[in-house]
1. Quick check: is even one residue across the range 84-93 in contact with a Lys or Arg (Cβ under 7 Å, 6 or more places away or on another chain) and not in a loop (DSSP other than H, G, I, E, B)?
2. Could you identify the single residue in S21, S9 that is over 28 Å from E87 (Cβ atoms), assigned to a helix (DSSP H, G or I) and in contact (Cβ under 8 Å) with a residue 24 or more places away in the chain?
3. Being exposed (fewer than 13 other Cβ atoms within 10 Å of the Cβ), at pLDDT below 90 and of a type outside the set (S, T, N, Q) narrows it down to one of D123, D113, D83, so name that one.
4. Starting from the range 45-68, keep only residues that are part of a strand (DSSP E or B), then list their pairs with residues that are open to solvent by 70 Å² or more (accessible area, probe 1.4 Å) and of a type in the set (A, V, I, L, M, F, W, C) whose Cβ atoms are within a distance under 8 Å, requiring at least 6 positions of separation or different chains.
5. Taking only pairs six or more apart or across chains, which ones have beta-carbon atoms under 7 Å, a first residue in the range 97-119 that is assigned to a helix (DSSP H, G or I), and a second residue that is open to solvent by 70 Å² or more (accessible area, probe 1.4 Å) and not aliphatic (A, V, I, L, M)?
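The values are calculated or read from the model by the stated rules, or taken from the named source; none is laboratory data. None of the values given here were measured: they were computed from a predicted structure. Neighbour counts run over all protein chains shown; Cβ positions are idealised from the backbone, glycine included. Ligands, DNA and RNA are stripped out before the accessible areas are found, and what is left, the full protein with its side chains, is counted by its heavy atoms. Shrake-Rupley method; radii C 1.70, N 1.55, O 1.52, S 1.80 Å.
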Amino acid sequence: MVDSVRVDSWLWAVRVYKTRSAATTACRAGHVRVNGDKAKAAQTVRIGDELRIRISGFDRILIVRQLLVKRVGAPLAALAYEDRTPEREPQAALGLRDRGAGRPTKRERREIDRLRGRDTPPD
């Protein structure tokens, strides 16, 4: 029985990242933390460890429940961790225009700037 697995291999096996090299790159970039410390790709994880993975600007919090070395199907991969990621609040789409609506008028551009918080004139 295996008692520890490389963090990049585990993230790939439980389908957090599509490839192992993507998981390794995320570790090198500092997007993966194990028990609060930045993790290198070769760092090992054990059952009960907390992983914080930054993906597209948000943190996913995973607790390791099962160690996997090989990639498995999605239903089995979901059993290997406990997801404690807090719910994200829905974000309103700012300044989206209908396709084919043309260039915004001066009034519409000012409204878009006000929505995005850029309505203050420079000093």
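1. No, every residue in the range 84-93 fails to be in contact with a Lys or Arg (Cβ under 7 Å, 6 or more places away or on another chain) and not in a loop (DSSP other than H, G, I, E, B).
2. Just a single option satisfies the conditions, and that option is S9.
3. D123 is the lone residue from the list that is exposed (fewer than 13 other Cβ atoms within 10 Å of the Cβ), at pLDDT below 90 and of a type outside the set (S, T, N, Q).
4. Once the first residue is part of a strand (DSSP E or B) and sits in the range 45-68, its partners that are open to solvent by 70 Å² or more (accessible area, probe 1.4 Å) and of a type in the set (A, V, I, L, M, F, W, C) give V64/I47.
5. The qualifying pairs are D113/D119.
Each row is one residue, and each column tells you yes or no for (1) surrounded by 13 or more Cβ atoms within 10 Å (Cβ to Cβ); (2) modelled with pLDDT of 95 or more; (3) of a type in the set (A, V, I, L, M); (4) more than 15 Å from R6 (Cβ to Cβ).
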site	(1), (2), (3), (4)
A41	yes, no, yes, no
V45	yes, yes, yes, no
L51	yes, yes, yes, no
V69	no, no, yes, no
E89	no, no, no, yes
A93	no, no, yes, yes
L96	no, no, yes, yes
A101	no, no, yes, yes
R107	no, no, no, yes
